[in-house]
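Since every read-out is calculated from the coordinates, none of them should be taken as a lab result. What you are looking at is a predicted structure, and each value in this text was computed from that prediction instead of being measured. Heads up, the Cβs are rebuilt from the backbone with ideal geometry, glycines too, and the neighbour counts pull from every protein chain shown.
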């Protein structure tokens, strides 16, 4: 009999993906058989990049992780996880503020589907301060974001703000 496959979903808007996100994905890839990076449509957040652009960008920077798949979604996270037969939701924690929000989210998710666990991973301390919104703001003002995102993302940001 084969062992049950442990599949995790790591979801977010990834607008754009940062080194902090990639660090969490790398950590999750070491822990789980498969990691699905779920890119939320999140029209309420008015993302800079379209869903299709974000999916393509994330796929292009994660080619070194064969156990990681990328998919966009516009549904409840738990429905997305269930559709991909995931038994874990991975969430990244940077600050105490993140913890408060993520704790509420994990509690709600457990109430809605107790068969899917939430786990929290912290990025390397070098990435604790990086956020997509700060990267977008710096890039929009012509600042250098090379230390925060991969080169492909730098180029995509430059094209958006050209």
Under 13 Å from residue 10 (Cα atoms) and loosely packed, with under 15 Cβ neighbours inside 10 Å - does that describe any residue in the range 86-94? no
Conditions first: (1) within 20 Å of residue 33 (Cα to Cα); (2) crowded, with 16+ Cβ neighbours inside 10 Å; (3) without any contact (Cβ under 8 Å) to a residue 60 or more places away in the chain. Residue 80 passes all but one, so which condition is the exception? (3)
Taking into account only those residues within the range 100-109 that are surrounded by 15 or more Cβ atoms within 10 Å (Cβ to Cβ) and free of Cβ contacts under 8 Å to residues at least 24 places away in the same chain, which is nearest to the chain's Cα centre (by Cα)? 102
By residue number, the members of the range 13-43 that are in a strand (DSSP E or B) and crowded, with 19+ Cβ neighbours inside 10 Å are 35, 36, 37, 38, 39, 40
Residue count, the range 110-119, condition farther than 12 Å from residue 91 by Cα and in contact with a strand residue (DSSP E or B) (Cβ under 8 Å, 6 or more places away or on another chain), comes to 2
